[in-house]
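These notes concern the structure reproduced below.
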Amino acid sequence: MLKNRIVFLLFVLLLPVMASADAVRGLASRLIGGEESNFVFKIDDKGIGDYFQLGSEDGKVLICGNKPYSQAAGFYYYLKKYNGSYVGQMDLNIKIPVSWKLPEEELVESIFEIRNAYNYCTFSYTMAFWDWDRWERELDLLALYGVNQPLMVVGLEKVWQNTLRKLGFDEADIQAFIPSSAYKAWWLMGNLEGTGGPVSQEYIDAEYELAVKILDRMRDFGMEPISQGFFGMVPTTTKKYYPKARLVEQGLWGSFLRPYVLAPTTRDFHLFADAWYASLHDLYGKFSYYGGDLFHEGGNTGGLLVGLSARNVEKAMQKASPGANYVLQGWGENPKRILLNGLSNNQTLVQKLYKDIGNSSGSYGRRYGRKPWTLNIVSNFGGTHGLYTNLFSVAKIPELLSRPANNDCIGIGYLCEGTENNPVLYDLLSDVFWADSAITVDSWLEEYTARRYGKQNENVVKAWNLLASSIYNVKGISEGATDSVINARPAENVKKARSWSSGKIYWDRAVIQEAALLMLDVADEFSGSEGFLYDLTDIFRQVLQDLAFDATGDSTRMLELIRDTERLVASNSNFLLGSWLEAAYKQGADEQEAKQFVIAAKQLVTRWEPADQKWPGIKDYSNRTWSGLVGDYYYSRWSAFFEKDTADYRLNIVDIENSWIYDARMYPTKPVGDTIGICRELAEKWINK
């Protein structure tokens with residue numbers, strides 16, 4: 001009997017190791033199906049932080065690491081260095097050799113304790129309608145990068161539903177509080193409630209089931225996901241049920257009524273917090289990190305003692321999950337110094353959302369007292385399209401963060417509002433995460449393009465060096481990629497689509513054309529490369545966008561550029577509005593909800609707000625250069641602008657936009673046309689001519 005107990009205990013102790021080994025083997029199987037038997041993955045904690053080590057064992061490739069995500073990063077390192085392979089969000093290029101080359105002994109350690117991923121906004125601008133298949137590919141990519149602390153807020157609808165039921169709210173008020181997934185991000189940040197809803201029980205249950213799968217996989221990979229903590233946000237209907245509660249009205253966020261804040265210094269706050277954490281932990285287990293920003297983006301403090309309020313938020317969190325860390329967004333004046341002063345130094349983490357991507361001085365601005373922080377790149381706003389980043393600044397981050405002035409920085413990450421764009425940035429970051437010195441961009445690009453496209457090519461390298469020296473070398477703060485004026489609400493001499501965009505043209509547009517022609521000259525050699533065709537499409541999209549800046553007063557030229565942009569992006573599966581709308585439709589539990597979610601999906605990438613609200617600054621914030629949007633929505637606005645006098649157009653523009661949003665029309669989900677052939681026509685028409 002004692003022997004059986006010992007065997008059982010050993011089995012239980014080995015379960016986490018077995019599960020983690022299975023997780024990495026499963027990842028390898030999905031990437032190199034049938035070939036994973038050529039690899040041996042071992043957990044080996046050397047007590048030196050996150051690391052991976054390459055070697056060989058019994059004629060197989062040996063990859064050791066302290067965590068499953070470290071092993072996965074070592075696997076990708078091997079695929080890149082010894083196999084010339086590439087894995088990204090939109091495409092991959094995996095080479096299966098006759099025999100796998102045994103690597104030299106090599107140990108690589110990350111100088112970053114934490115490697116973050118995702119902004120709250122990412123869960124709406126990019127991930128709103130993802131299913132498990134799409135999430136599984138993304139989680140594999142996170143592991144390959146070695147991300148160990150991703151934000152994870154899928155499935156919180158059920159947490160809120162269960163919490164509010166415990167607290168006595170009726171079903172109608174609970175439904176009115178929960179938004180569709182298109183607006184989930186701003187709900188969780190305390191900016192709005194119920195937008196795009198009400199949602200069905202079937203939707204809530206499906207999101208819960210998806211969240212369980214995501215969290216199980218993250219934990220199998222050894223990651224420590226950041227969930228949502230309770231920071232006082234409550235529905236505006238709370239006063240019906242708790243009339244004596246101290247509720248601080250938060251006013252409007254633009255045109256949206258914000259949820260209230262329940263004063264953290266009161267007993268009612270702790271009642272709600274206990275119910276929230278009990279519901280969260282019952283569904284998903286406990287976490288080591290919890291987010292949630294008190295008084296986010298100009299919230300009203302209502303006379304509350306901010307430091308004491310923050311201390312009570314932390315107190316409730318520690319009661320529910322002792323030893324947990326409170327994660328705050330460092331954005332503008334958020335979090336305020338007085339709030340930080342109320343929090344413990346050793347249980348607070350600030351994620352600096354860093355948009356000054358052109359800064360390579362090593363001075364990263366505001367610090368947070370003695371609170372540790374992570375530097376997180378925010379190079380995309382709203383999920384918009386446009387070539388944008390500074391490759392040289394990003395490549396220098398390991399060197400810059402190693403300076404004594406940054407010794408309170410313990411990590412790095414990417415918290416872009418939208419992803420599935422500018423893939424070069426993310427692959428560079430996958431190397432920065434594991435580098436201990438600056439990366440040389442020129443040689444890195446040569447290796448990157450060979451991996452992504454399948455082979456080296458002189459024209460390709462020249463083209464990318466041109467891009468790196470111009471549009472991928474932004475200086476100063478530009479609030480993400482410069483908007484396409486095609487996507488802007490039409491006006492004479494309009495310079496941008498988003499109110500907060502800089503509208504700067506900081507690059508030489510002739511250089512982009514030169515790069516496009518260099519790529520086009522060798523396009524036939526890469527016709528089978530998804531990565532090459534994506535980049536060819538994106539570079540020519542940029543060429544047409546650049547030409548449109550000077551065409552806003554020329555109806556013939558502008559409308560022709562819009563039609564040609566539509567033809568171009570329709571030829572690539574990554575630029576289709578139809579895919580976004582189809583995913584939204586499939587998320588609905590029935591026909592009515594499916595149509596409701598499609599309206600929310602269309603609204604988010606156009607007007608942003610519902611038709612009965614008027615916040616001029618938010619329109620087109622999430623504009624996209626997608627087939628369907630370009631050829632229909634944007635074309636119809638510009639046509640109306642050129643056909644009518646200005647006064648008449650301004651009166652009817654809202655009707656034009658709303659009629660498109662509420663039209664039931666769906667759009668193609670398959671590309672149409674030959675990208676290379678279309679680019680040749682465009683080059684002859686717009687560049688060579």
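The values are calculated or read from the model by the stated rules, or taken from the named source; none is laboratory data. Worth saying up front: this structure is predicted, and the values here are computed from it rather than measured. Cβ coordinates were reconstructed from backbone atoms using ideal geometry, including for glycine residues, and neighbour counts include every protein chain displayed. These area figures cover heavy atoms from the full protein model, side chains too; ligands, DNA and RNA do not enter into them. Shrake-Rupley method; radii C 1.70, N 1.55, O 1.52, S 1.80 Å.
With the simple model of a label 7 Å out from the Cα in the direction of the Cβ, residue 172 to residue 244 spans 2.7 nm.
Within the chain, antiparallel bridges make up roughly 40 percent of the DSSP beta bridges whose residues both belong there.
Screening the chain for whole DSSP H helices of 30 Å or more along their axis (Cα) with average Kyte-Doolittle hydropathy at least -1.0 returns 2-32.
Rolling a 1.4 Å probe over the protein heavy atoms of the chain, with every protein chain left in place, gives an accessible area that is 51 percent carbon and sulfur. Check cross-link reach from residue 46 to the lysines: straight Cα distance under 16 Å, and skip same-chain residues fewer than eight apart. Counting by Cα, and skipping residues close in sequence, residue 46 has these lysines nearby: 67. With a ≥ b ≥ c taken as the square roots of the eigenvalues of the C-alpha gyration tensor of region 525-615, please select rounded if a/c is under 1.5 and otherwise prolate if a/b is larger than b/c or oblate if it is not? Cα axes put region 525-615 in the oblate bin.
Taking the centroid of alpha carbons for each part, region 93-169 and region 349-376 are 22 Å apart.
Calculated accessible area for the chain comes out at 37 Å² per residue, all protein chains present (probe 1.4 Å; ligands, DNA, RNA ignored). Within region 335-385, the proportion of C-alpha pairs whose separation exceeds 15 Å stands at 53%.
Can you tell me the FRET efficiency between residue 511 and residue 94 if r is taken as the Cβ-Cβ distance and R0 is 45 Å, rounded to the nearest 0.05? Calculated transfer efficiency: 0.90. When the listed pairs 213/286; 336/496; 95/213; 60/80 are checked against a 21 Å cut-off, the alpha-carbon distance exceeds it for 336/496; 95/213. Eigenvalues of the alpha-carbon gyration tensor of region 531-689, scaled by 5 and square-rooted, set the equivalent ellipsoid semi-axes at 27, 22, 11 angstrom, largest first. Residues 436, 140, ordered by accessible area of protein heavy atoms at a 1.4 angstrom probe radius and largest first, appear as 436, 140.
Sorted from greatest to least, the principal axis extents spanned by the alpha carbons of region 213-289 come out as 44, 31, 19 Å. Partners of residue 315 within straight-line reach, counting aspartates and glutamates whose Cα lies under 13 Å from its Cα and excluding those fewer than 8 residues away in the same chain: 274. From the square roots a ≥ b ≥ c of the eigenvalues of the alpha-carbon gyration tensor of the chain, which class results: rounded (a/c under 1.5), prolate (a/b over b/c), or oblate? Oblate, since a/c reaches 1.5 and b/c is not below a/b. Summed over qualifying helices (DSSP H, 4 residues or more, each -39500 (n - 2.57)) and divided by its residue number, the chain shows a 222 nm mean residue ellipticity of -13500 deg cm²/dmol.
Sorting 185-191, 70-76, 133-139 by their mean Cβ neighbour count within 10 Å, with the most densely packed peptide first, gives 70-76, 185-191, 133-139.
In plain terms, if you count all Cα to Cα distances in region 149-224 and split them into 10 Å steps from zero, the share in each step is 19, 48, 27, 6 percent. At q = 0.10, 0.13 Å⁻¹ the log10 of I(q)/I(0) for region 421-575 amounts to -0.40, -0.66, computed by Debye summation with a single uniform scatterer per C-alpha, solvent ignored.
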